[in-house]
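Asks: Can you read through this structure? Questions will come right after.
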Amino acid sequence: MAIEDIIPLDILLGNQREDNPLNEIRKKKKKVDKEAMASPIMRIPRMDARVVRDLLDIGIRELYELKGRAAESIFEEVRKLKPQTPEWTLAYLRMAVYFCEEENPEPAKLYPQFWTG
């Protein structure tokens, strides 16, 4: 068995062919949601950018907007807009509401795993 049978020579030598399907794989980069990453909500420790995107999509842009809100009602708003929203989002929402309502939040409660179940 020759090495050409395992690894195409053009890839091994760095030559790029237009019809090579591996070119598309290399070109794909993870998309970064810059608006979500720059949001004040990202100040919450261990906050997930996808959850921040969901909050931005329903109109919540600042931390104070989470105060006094029930995480479950926020989750239902998100679900109306995006029915495929996973259940784990609720843990992040509970953590976010806790962070906004507490002046000195306990570090142990700033993990989404604390809020599951």
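Asks: So for region 83-100 (the condition being surrounded by 13 or more Cβ atoms within 10 Å (Cβ to Cβ) and over 20 Å from Thr116 (Cβ atoms)), does at least one residue qualify?
Replies: no
Asks: For a quick check of your reading of the model, give me the residue pairs whose first member lies in region 80-100 and is closer than 13 Å to Lys67 by Cβ and touching a residue at least 24 places away in the same chain (Cβ under 8 Å), whose second is among the β-branched types (Val, Ile, Thr) and part of a loop (DSSP other than H, G, I, E, B), with beta-carbon atoms closer than 7 Å and at least 6 apart or on different chains.
Replies: From residues that are closer than 13 Å to Lys67 by Cβ and touching a residue at least 24 places away in the same chain (Cβ under 8 Å), the pairs are Ala96/Ile44; Phe99/Ile44.
Every read-out reported here was derived from the displayed coordinates using simple, explicitly stated rules and does not represent laboratory data. Worth saying up front: this structure is predicted, and the values here are computed from it rather than measured. Counting neighbours? That spans all protein chains shown, and the Cβs are built from the backbone with ideal geometry, glycine included.
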